[in-house]
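This report concerns only the one structure given below.
The values are calculated or read from the model by the stated rules, or taken from the named source; none is laboratory data. Treat the numbers as computed from the prediction; the structure is a model and nothing was measured. Cβ atoms come from the backbone with ideal geometry, glycine included; neighbour counts cover every protein chain shown. Just the protein is used for accessible areas: all its heavy atoms, side chains included, with ligands, DNA and RNA removed. Shrake-Rupley method; radii C 1.70, N 1.55, O 1.52, S 1.80 Å.
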Amino acid sequence: MNSRVVLATGLTSVLVGGITLAAVAKPDPAPAAGVPKAGAASALSGPEGEKFFAEQVRPLLEQKCVSCHSGEKPQGDLRLTTRAALLKGGVSGPAAIAGQPGKSLLISAINFQGRRMPPQGQMAPKDIATLTRWVALGMPWPAGEHASLEPKAEHGPPQVNEKTKQFWSFQPVRRPAVPAVKMKAWVRNPIDAFVLKRLESEGLKPNPTASRATLIRRAYYDMLGLPPTPEEVQAFLNDKSPNAWEKVVDRLLASPQYGEKWGRHWLDLVRFAESNSYERDGTKPNAWRYRDYVIRSFNEDKPYDQFVTEQLAGDELSPRTPERLIATGYYRLGIWDDEPADPLLALYDDLDDIANTTGQTFLGMTIGCARCHDHKIDPMPQKDYYRFLAFFSGVRRYGVRSHESVEAASLRSIATEEEKRMHRERVAPLLAENARKIQAVEDRLLPDLTPVEKEEWRNPFARFDIAAKRVPKLLSRRDLGDYRRLLEERRRLQRSEMTDLPMALCVTEERQPRETFVLLRGNPHAKGDPVEPGFLSVLTPPQPRVVPAAHGDTSGRRLALAQWIASRENPLTSRVMVNRVWHYHFGRGLVKSTSNFGFQGDKPTHPELLDWLADRFSSPATVSVASNRAGQGKGQLTIDNSQLSIVNSRSGAEFKTGFGWRLKPLHRLILLSNTYKMSSQAQPAALKKDPENDLLWRFDMRRLQAEEVRDAILAVNGSLNPKMWGPSFYPDIPADVLAGQSRPGENWGKSSPEEQRRRSVYIFVKRSLMTPIIASFDGPETDFTCPNRFSTTQPTQALGMLNSEWTNEQAHVLAEYLRKHAGDDTAAQVKLALWRVTQREPTPKEIERGVNLIRDLQKEDGKKPEEALQAFCVVALNLNEFLYLD
């Protein structure tokens, strides 16, 4: 490895232990041919100006700008079709100021200073010089019929070409320099610098820091999905050390509840459910193991590239471990039609579900839109879709019809050799005894069989019917019943390895991958040209390197796909995941369309920040660098609190550059930023200029998600069961809700009260029967990948929180908790209840109001003291401050 490491930082060159950190400056581009030189007049008009515009400027605006900035709803309310519209500008003000390119947003945007236009990629230097000189010369523009521009018409789906390959999300991830800002004291780490740079460019300031009580509540729900206890809040308020906030963040990242909260986000993306949908909505055996795998992976901070590879091809890795097999349960989470009218179509529907989920979840691309024709929006020909589908062409269907077919296609043993040996030793004598008893019965039957029956006897499933014909001649009805039980016992013992030993729901493959064709209009009965596995061509990818797995029962195709997706050379994977993390922290991504990074997706509000984070996330955590100056002493350099350091010694240097695909350092960087710690209060000027908060001048409020509402109620009343792992539990569901199924109550179990107090991530997820409180508060869609949860306001939410049997039961538990910990003092009960519900100390007025409510319920409504206290608890659990985070 080279002994010299050069970083483009915008700083003066620094020499540390023989390693140089140097600034790199770009030369100014030379003017293009035909562009008036800098020494020309300060303004240009008349025929000469119109000619310059027509030949040099107009083609650039029409090709690069007008397609987005024209029509009824132009991007940013900015039209570039006329000179007047350009001078008027959009939501950010005038796009250009005649004669002043240095103050013109158009010129800063095409130079990728702040905004980055056009989004497909930066213009050539000569084109930038042309537009810069045009503005400097007063923006000459023709009058009359040629005064309005029109976007160049493009017919048909976008093609894969050099132009479309320049789209922003298809470009390699590069780490930009951290920008310089005016309010240097506000910058806690590079995130703040990128955010503040945009705010300052728009004349805005960031909100002040939220209160400590607000921050700790925000962080607990954000990272754990649970509220802090009053004791935890008070400890933080009393901690005056400079690293008090860091200690809170580190404690949250180390908590096992972190995996339960952030694992739930991932389960939304992969459409996790434990049933198959359709009329029968049968149970997926052992699907809970995949859920536990996800939670453990987040808690262990498993590198994301490894996490991706295990799910897509864990069974093709060596060694093949139980954990890796469980990870491939990813392929079995979708819906399954167990009785399709067209089996071939059902197969391709299943494969399409896998391809589409994989494309959106890992790559942020709507690959499924190219199943029937070339993608209408993105440069993705139909052939690309089927080349991508070919990676999954060996995957067996989940099952054919019966439960036994599901076991054969989708279950594998994850038992240890010792567990298998002990099982065989236990079952062998039982099978032998069973065989002896069956033989005793059949010895009485065999001499009596006709020649035809002797042929039928070869089928084990026909033997009982043949035996039944010998009643009462050779067998009594009791003998026949015993024979039936013996046959059933034999089948149970023979299948006992499947039922008694741990099994994983996982992917399996056919002996040979199916040949893949382009299907005309997506019809599997209309085959077009054959295709081989291949990656999305618009990304200019390498050829897949497919190597069959060493164990010989998989093709190696899925591993080739996984390795490409999880590669740093893939420009989408790290951007998409970093953006998801940002979305779950802030309520919106830097790219709002978190699963669509294509042409119709939203453009990043902070593209440099997105790339800086994506590069940091996917960069190796440590790179060893050989020293070029022997005997150099130890030294350390830290830049912008971003954990970039160099340590040099005689043996070399340790160069820490990134997070190595780990999420916890990314979380930590975000939570320690001042951007995360801003309050949500309104600023009139900022609201007017940026009502949607795209510039991140404040922290957005949010309502608790469905699981957080339920879990917080259990946490507040002190009954939450912290048990982790294992099979899911079944909450009690009202009979009228169960009656809404096609088969009321089928496959819905009964769990103990203790089990029902576990966290919501462990609820059995049945596609046709969502738990009412989860459904009311916008739980996830389970038939398809769910990148964003809705946050609706509807009557069933308030009605359920006030009147449902479950909420009133939990209010009763809370009332019991208050009596136990606050005695019979009504004011103390109210104070403790409000502390636990709002995670802050209530004011005297709030306490007084609660005491008056309890008193009035007793005096005016005739309620007993315990009934009045329970009613107050119902009200407390319905406070907006309980349901919303500031």
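Think of it as helices only: each DSSP H run of n ≥ 4 in the chain is worth -39500 (n - 2.57), and spread over all residues that comes to -12500 deg cm²/dmol at 222 nm.
The residues of the stretch 154-231 expose, per residue, 45 Å² of accessible area to a 1.4 Å probe.
Pairs of Cα atoms nearer than 8 Å and 6+ residues apart set the relative contact order; for the chain it is 15 percent. Angle of helix 573-586 to the longest C-alpha principal axis of the chain, folded into 0 to 90 degrees and rounded to 10: 90°. In the context of the full set of protein chains, residues of the stretch 287-416 present 30 Å² of accessible surface per residue (probe radius 1.4 Å, heavy atoms only).
Carbon-plus-sulfur accessible fraction, the chain (probe radius 1.4 Å, protein heavy atoms only): 53%. Which pairs break 30 Å Cα to Cα here: 184/688; 197/592; 88/165? Pairs exceeding the cut-off: 88/165. List the trypsin sites (Lys or Arg not before Pro) in the stretch 401-462 that DSSP assigns to loop (not H, G, I, E or B) and whose Cβ has at most 13 other Cβ atoms within 10 Å. Which are they? When the trypsin sites (Lys or Arg not before Pro) of the stretch 401-462 are filtered for loop state and at most 13 Cβ neighbours within 10 Å, 401, 458 remain. Placing dummy labels 7 Å off each Cα toward the beta-carbon, the span from residue 567 to residue 526 is 3.5 nm.
In the set (i) 65.7; (ii) 43.2; (iii) 50.5, the label that goes with mean projected area of the Cα convex hull in nm² computed for this structure is (iii). Using alpha carbons only, how many degrees (0 to 90, rounded to 10) separate the axis of helix 343-358 from the longest principal axis of the chain? The answer is roughly 40 degrees.
Separation of the stretch 737-795 from the stretch 253-326 is 19 Å, based on Cα centroids.
Which residue, 838, 827, 868, has the largest displacement toward the positive end of the dipole of the stretch 813-878 when charges sit on each Cβ (Lys, Arg +1; Asp, Glu -1)? Value computed over the given set: 838. Compared with the dominant Cα axis of the chain, that is its longest principal axis, helix 304-313 is turned about 40°. Charged side chains reduced to their Cβ positions (Lys and Arg at +1, Asp and Glu at -1) give the stretch 557-607 a dipole of some 100 debye around its Cα centre.
Taking amide H atoms as placed 1.01 Å from N in the peptide plane, the amide H of residue 516 lies under 5 Å from those of 531, each 5 or more residues away in sequence or on another chain. Annotation: aspartates and glutamates with alpha-carbon distance below 12 angstrom to residue 864 (same-chain offsets under eight excluded): 856. Once the 1.4 Å probe is applied to the protein heavy atoms, the stretch 779-853 comes out at 55 Å² accessible per residue. Please list, by residue number, every one of the trypsin sites (Lys or Arg not before Pro) in the stretch 711-759 that is coil in DSSP and has at most 15 other beta-carbon atoms within 10 Å. For trypsin sites (Lys or Arg not before Pro) across the stretch 711-759 that sit outside H, G, I, E and B with at most 15 neighbouring Cβ atoms in 10 Å, the list reads 723, 750. The tail of the calculated P(r) for the stretch 469-547 beyond 15 Å holds 79 percent of all Cα-Cα pairs. Here the stretch 452-498 and the stretch 95-145 have alpha carbon centers that stand 87 Å from each other.
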